[in-house]
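*Asks:* Pasting a structure below so you can have a look.
The values are calculated or read from the model by the stated rules, or taken from the named source; none is laboratory data. Just so we're clear, the structure is a prediction, and the values are computed from it rather than from any experiment. Cβ placement follows ideal geometry from the backbone for every residue including glycine, while neighbour counts extend to all protein chains displayed. Just the protein is used for accessible areas: all its heavy atoms, side chains included, with ligands, DNA and RNA removed. Shrake-Rupley method; radii C 1.70, N 1.55, O 1.52, S 1.80 Å.
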Amino acid sequence: MPDSSLPPFDADASLLQRIDTLNRRYGHVIDEDKLEEWPKFFTEDGRYMVTTRQNHEANMPVGLILCENRAMIEDRILALRSANLFEPHSYRHLIDPPVVTGLDGIEYSLQTSFACFRTVQSSAPEIFCTGKYLDRIIDDGSILRFKERIVVCDSERIDTLIVIPL
Amino acid sequence: MAPLDFKPNDFSEVPYSVYSDEQIYAQEQKQLFQGDAWHFLAMEIELPNAGDYKTMPVGDTPVIVVRDKNGNINAMVNRCAHRGNLVCIEDHGNLDCLTCVYHNWTYDLQGNLATIAFEKGIQGNGGMAEDFDKSCHSLQRLRVETYCGLAFGTFSDDVPSLTDYFGPEMCGNIQRLLGRDMELLGRFQHGLDGNWKLYMENVRDTYHATLLHSFMTTFRLNRLSMKGAVEVSEGGLHHLTYSIRAQDNDQGQYDAKEIRAQKDDYALKAPELLESWPEFECDTTLAIQSLFPNFSIQQLSNVITLRLIVPKGPNKSELTWWVLGAVEDTPEQRAMRIRQSNLVGPGGYIAMEDGAVVGWVRRGVTGAEDKKSILAMGGRDVERISESRCNELAVRGFWQGWHGLMES
Ligand code: FES
Ligand SMILES: [Fe+2]
């Protein structure tokens with residue numbers, strides 16, 4: 001689906017800042033390999049999906065990664081730590097300030113651009129992925145959590161594999 | 001040992017130069033990709049309407065696959081007969097006719113040259129040479145045949161018809177999995193850091209499954225005690241390996257609540273990931289099939305996928321996955337397939353290692369062009385069938401098929 005929900009809503013500066021902080025912390029725990037913290041950014045029924053622009057626009061339900069709740073999100077990290085084999089690598093996220101696309105009580109819809117660089121062991125960093133986060137965030141008054149984060153990669157093509165979340 | 005020197009009936013040693021040699025690569029393009037083999041082009045459901053097209057490579061050759069107004073699928077080289085420009089620039093779309101943007105020559109959906117801009121010149125001046133015959137300048141066409149919703153193409157006039165090329169055993173499995181209305185649930189691509197044959201060897205390598213993919217053993221997805229076999233078609237070209245749910249303990253083996261991890265501290269927090277239903281009467285729970293040279297069909301529990309690995313020079317390749325469901329699926333079954341699809345693709349729990357190992361082998365064999373790999377697990381020749389999957393016979397079969405076509 002094209003994002004016809006734009007143009008963006010006006011949201012007050014303090015809300016934008018809280019969301020921005022959430023995104024920065026999200027990028028931080030991934031880039032600093034504190035991956036056990038990552039599932040905590042989601043509500044218990046939180047949904048996490050990594051897909052591509054082509055699949056997203058064609059409404060394809062399968063993702064590169066598709067977690068339907070926080071337990072599945074935790075399993076991704078469990079498998080990454082204990083089962084899957086891959087060459088050591090790290091990410092560096094650059095995350096734009098968010099654009100609010102909907103406000104509905106305590107649920108906010110957002111779209112945020114990001115770029116993610118990947119460094120595999122001692123090789124030079126490379127652009128691994130650029131794309132956008134399509135988020136639904138729940139605000140319980142003190143804590144913001146993702147009810148849904150769909151990561152839409154701009155390219156259909158992933159280099160080799162994806163195991164660390166975006 | 002020169003790359004093509006195999007001992008008679010012995011494909012248990014493969015010179016590493018086959019992966020990196022430029023001459024071998026060029027010969028493969030001619031003998032395999034433009035030679036006597038069928039190449040996967042598209043699922044028919046990707047091109048539902050007249051005029052729907054997609055572009056894709058067959059080997060190194062850019063190809064247009066298009067459904068014409070009679071409902072037939074055609075394939076032609078994406079190269080204008082005038083001066084070689086790409087006729088279709090977008091990777092998919094819908095068109096009435098094919099127009100080359102460079103000088104506006106147009107082709108019909110069968111690839112026939114229809115019109116030439118300023119064919120008669122302008123006000124009587126210029127125009128195409130008198131002797132130019134439009135009917136001799138179509139887009140170069142591939143022979144196309146479809147089977148179970150899959151369209152294949154070949155540049156060869158000699159290769160037998162598609163189902164004869166596959167043979168009845170291979171057709172049986174294709175029919176079992178895809179002989180019904182299917183739905184595309186997703187399509188993903190990843191670039192691999194090595195030669196395409198390293199990936200096809202992996203597809204046919206039944207030996208590595210429980211060793212490389214720890215996710216499977218940790219969660220006992222594929223126990224070695226399961227019944228099954230590896231089958232190789234005549235001449236080695238294609239292969240099929242399958243596992244059948246053990247009769248004794250079938251109840252609950254895939255029941256999510258029964259899944260126990262080998263390590264007590266490592267259990268899935270969301271075992272519903274592996275929830276499945278017995279989709280096939282034969283109780284096949286795993287089937288991996290390769291169709292020579294570079295195509296594969298796979299069933300893993302209820303995840304049904306197609307894979308195509310396209311060479312991008314000797315040391316790079318590109319893998320595309322099609323993840324499929326059946327139109328007849330209930331909403332619950334569809335949801336199970338979608339969840340299980342976390343097992344496959346570039347981020348798949350039991351697939352990501354296969355992509356990585358292609359790059360690791362490429363790096364490992366750099367500078368070892370005079371050395372050979374060993375494929376002696378289960379013998380040295382290519383038997384047609386083995387019940388043990390601790391066997392490299394299907395990989396030996398790949399080299400038998402490869403060798404046969406390269407020498408033909
Ligand atoms: S190259 Fe196509 S019309 Fe000239
Ligand atoms: Fe594998």
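*Asks:* Expected output is a single nm value to one decimal: the length gained when fully extending between A:Asp12 and A:Asp139, i.e. 0.36 nm times separation in residues minus the C-alpha distance. What is it?
*Replies:* That pair, A:Asp12 and A:Asp139, stretches by 44.3 nm at full extension.
*Asks:* Can you list the residues in the stretch B:347-368 whose accessible area drops by at least 40 Å² when all protein chains are present, compared with the chain alone? Use a 1.4 Å probe, heavy atoms only.
*Replies:* Residues shielded by partner chains are B:Gly347, B:Tyr349, B:Met352, B:Glu353, B:Trp360.
*Asks:* Can you give me the Cα centroid spacing of the stretch B:64-134 and the stretch A:90-143 in angstrom?
*Replies:* 44 Å
*Asks:* Just the accessible area for B:Ile89, please: 1.4 Å probe, Å², rounded to the nearest 10?
*Replies:* 120 Å²
*Asks:* Between B:Gly127 and residues 5 or more places away or on another chain, which pairs have amide H atoms under 5 Å apart, with H built 1.01 Å from N, and which residues are they?
*Replies:* B:Gly121, B:Ile122
*Asks:* Another question about this same structure. Evaluate peptide B:203-215: per residue, the Cβ atoms of other protein chains within 10 Å of its Cβ; return the mean as an integer.
*Replies:* Mean partner-chain Cβ count within 10 Å for B:203-215: 1.
*Asks:* When the accessible area of chain A is computed with all protein chains present and a 1.4 Å probe, what percentage of it is carbon and sulfur?
*Replies:* That fraction is 52 percent.
*Asks:* At a 1.4 Å probe, which residues in the stretch B:155-200 are at least 40 Å² less accessible with all protein chains present than in their chain isolated?
*Replies:* B:Leu185, B:Arg187, B:Phe188, B:Gln189, B:Gly191
*Asks:* As I understand it, the value is the acute angle between the Cα axis of helix B:331-340 and the longest principal axis of the Cα atoms of chain B; what does it come to in degrees, rounded to 10?
*Replies:* 80 degrees
*Asks:* Want the number for B:Ala246 to B:Asn49: 0.36 nm per residue separation, take away the alpha-carbon distance, what's left?
*Replies:* 66.6 nm
*Asks:* Quickly estimate the mean residue ellipticity at 222 nm for chain A, helices only: each DSSP H run with n ≥ 4 gives -39500 (n - 2.57), and the total goes over all residues, rounded to 500.
*Replies:* Computed mean residue ellipticity for chain A: -7000 deg cm²/dmol.
*Asks:* Now, a different point. For the stretch B:3-86, give the percent of accessible area contributed by carbon and sulfur heavy atoms, probe 1.4 Å, rounded to a whole number.
*Replies:* Roughly 44 percent of what the probe reaches on the stretch B:3-86 is carbon or sulfur.
*Asks:* Ok, one more. Go ahead and run the numbers for FRET between B:Ser408 and A:Lys34, Cβ-Cβ distance against an R0 of 51 Å, rounding to 0.05.
*Replies:* Calculated transfer efficiency: 0.35.
*Asks:* Additional query: Please determine, in degrees from 0 to 90 and to the nearest 10, the orientation of helix A:13-31 with respect to the longest principal axis defined by the Cα atoms of chain A, where the helix direction is its Cα long axis.
*Replies:* Once rounded, the angle reads 10 degrees.
*Asks:* Still on this structure: If you take the square roots of the eigenvalues of the alpha-carbon gyration tensor of the protein assembly as shown and sort them as a ≥ b ≥ c, do you get rounded (a/c under 1.5), prolate (a/b over b/c) or oblate?
*Replies:* Here the protein assembly as shown falls in the oblate category.
*Asks:* Would you calculate, for chain B, the mean residue ellipticity at 222 nm contributed by helices, counting each DSSP H stretch of 4 or more residues as -39,500 (n - 2.57) and dividing by all residues, to the nearest 500?
*Replies:* So the helix-based figure for chain B works out to -5500 deg cm²/dmol.
*Asks:* Which percent of the accessible heavy-atom area of the stretch B:168-406 goes to carbon and sulfur, probe 1.4 angstrom?
*Replies:* C and S fraction of accessible area: 51 percent.
*Asks:* Buried accessible area between A and B (1.4 Å probe, both chains summed, ligands and nucleic acids excluded), in Å² to the nearest 100?
*Replies:* The summed interface area works out to 3300 Å².
*Asks:* In whole angstrom, note down how far apart the Cα centers of the stretch B:346-383 and the stretch B:146-192 are.
*Replies:* The stretch B:346-383 and the stretch B:146-192 have Cα centres separated by 25 Å.
*Asks:* State in Å² the accessible area per residue of the protein assembly as shown; use a 1.4 Å probe, count heavy atoms of protein chains only, and round to the nearest integer.
*Replies:* Accessible surface, normalised per residue, equals 42 Å².
*Asks:* Determine the alpha carbon to alpha carbon distance for each of A:Lys147/B:Lys269; B:Lys134/B:Lys312; B:Lys54/B:Lys197; B:Lys134/B:Lys316 and list only those over 27 Å.
*Replies:* B:Lys134/B:Lys312; B:Lys134/B:Lys316
*Asks:* Write out the chymotrypsin sites (Phe, Trp or Tyr not before Pro) in the stretch B:47-147 meeting two conditions: DSSP loop, and at most 15 other Cβ atoms within 10 Å of their Cβ.
*Replies:* B:Tyr102, B:Phe118, B:Phe132
*Asks:* Where both partners of a DSSP beta bridge lie in chain A, what percent of those bridges are antiparallel, to the nearest 5?
*Replies:* Looking only at bridges with both residues in chain A, the antiparallel portion is about 85 percent.
*Asks:* Roughly what % antiparallel, to the nearest 5, for the DSSP beta bridges in the protein assembly as shown?
*Replies:* Bridges in the protein assembly as shown are about 90 percent antiparallel.
*Asks:* Next question, about the same structure. Could you pull out the chymotrypsin sites (Phe, Trp or Tyr not before Pro) across the stretch A:8-100 that fall in loop regions by DSSP (anything but H, G, I, E, B) with no more than 15 other Cβ atoms inside 10 Å?
*Replies:* Of the chymotrypsin sites (Phe, Trp or Tyr not before Pro), the ones in loops of the stretch A:8-100 whose Cβ has at most 15 other Cβ atoms within 10 Å are A:Phe9.
*Asks:* Using a 1.4 angstrom probe on protein heavy atoms only, which residues from the stretch A:46-64 are buried by at least 10 Å² of accessible area when all chains are present rather than their own chain alone?
*Replies:* Listed by number, the residues meeting the 10 Å² cut-off are A:Gln54, A:Asn55, A:Met60, A:Pro61, A:Val62, A:Gly63, A:Leu64.
*Asks:* Mean separation of Cα pairs under 8 Å and 6+ residues apart, divided by the residue count of chain B: what relative contact order is that in percent?
*Replies:* Here the relative contact order equals 22 percent.
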